[in-house]
Amino acid sequence: MRTPLLAANWKMYKTVGEAEAFVSALLGGTEGVDLAGAEIVIAPPFTALPAVATGVRGTGIGVAGQDLHWEAEGAFTGAISAGMLVEAGATHVIVGHSERRRLFGDTDDAVNRKTKAALAAGLIPIVCVGETLEERDGGEMPAVLTRQVRGGLNGLSAEQVGTLVVAYEPVWAIGTGRTASAAQAGEAHAHIRSTLSDAFGADAADSCRILYGGSVKPGNVKELVAQADVDGALVGGASLDPNSFHQIVAGGRGTEL
Ligand code: PGA
C-alpha cells in the first residue's frame, strides 16, 4: 500500500518569518496536524528552507527544494545544487515543475539530469509532468505524459523509480481554479503508472507514488485521492494557509477535520 503524500509548493511566497509562522500554526497546540496515515512535505523558497527544516525537526515532515542544478558547484549564477539543498535541511526536491519548464526552459533532458543529481545526493525527487490545454484538446495527453515520464526518468534503475514521486500537474489546472475531474486525473495517473510499468517493471510502478496537482483545495482533495492511482497531492495556492493545508492533509488521508 502506498502512503498518501501531501506536498505544499509555496512557489515564490513567504519570507522566513512567514514560513516560521506557518509551521508553528500547522504544528501548534491541540489543533496540531495529525501526522498518522499520511506523509507531508513542505517546499518553501530556498531562503526559508533552513527555518522550515528546523521548525519541523522530529515530526517526520519532509522539506523540499523547488528546483536544483545538476552540477555540484560551478559558475551558474542563481542556481543551487543538490548538496546545498541537503545541507539546508531538504529531504525532497521538486523537479521539472511546469513553471520551470515554461518560464525557465527546463527540457526533459534537464529534468533527467536534475533527477539523477537529486537521487545521487540522497534527495527524493518529485518529478512533475503534465500536458497543456492545447495538447489535451489535440488528443496528445497520453503521448506528452509518456515522453515526459520516459525522458525525465531515463537511465534510472527500477529501485530508484520505486522510491521517487511523480506529480501529474495538467498545466491548464495550475493556479486557474480549474481542477481536473477525478475521472480525468484517474485516467492520466493510470497512463503514467502503465508507462512506469512498461519502462521499469511492475514493482517499481507499484511503489512509485503519483501525486495530482492543479487547483487542489480542501473541498476536492478527497475525491481526487479516492482514485486508484492518485496517491496524494502537490498543492500550490491552497497550501499557503496552514488551516487550508491542514484540511487538505486530513482529506488526503481520507478523513475529515
Ligand atoms: P495550484 O498549484 O495548487 O496553485 O494550482 C499547484 C502547483 O503548481 O504545484
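The values are calculated or read from the model by the stated rules, or taken from the named source; none is laboratory data. All figures in this text were calculated on a predicted structure; none of them were measured in a lab. Ideal geometry is used to build each Cβ from the backbone, glycine not excepted, and the neighbour counts take in all protein chains shown. Protein only, heavy atoms only, side chains kept; ligands, DNA and RNA dropped before computing areas. Shrake-Rupley method; radii C 1.70, N 1.55, O 1.52, S 1.80 Å.
One table, with the values for the structure above:
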| quantity | calculated |
| --- | --- |
| Anchor K217: aspartates and glutamates whose Cα lies under 15 Å away (excluding residues fewer than 8 positions away in-chain) | E169, D241, E256 |
| Per residue, the convex hull volume that the Cα atoms of region 27-132 enclose (Å³) | 125 |
| For region 5-252, alpha-carbon Rg over 2.2 N^0.38 Å | 0.94 |
| Amide H contacts of I42 (H built 1.01 Å from N, under 5 Å, at least 5 apart or other chain) | A8, G62, V63, A64 |
| Within the chain, longest stretch free of exposed GluC sites (Glu not before Pro) [DSSP loop, at most 15 other beta carbons within 10 Å] | 141-255 |
| Selected from A36, A21, A182 as most flexible by GNM, with the chain as the system and alpha-carbon contacts under 10 Å | A36 |
| DSSP H segments from the chain that extend 30 Å or more along their own axis, Cα-based, with Kyte-Doolittle mean of -1.0 or above | none |
| The chain - percent of accessible surface contributed by carbon and sulfur, probe 1.4 Å | 52 |
| Longest segment of the chain lacking chymotrypsin sites (Phe, Trp or Tyr not before Pro) that sit in a DSSP loop with at most 16 other Cβ atoms within 10 Å | 77-257 |
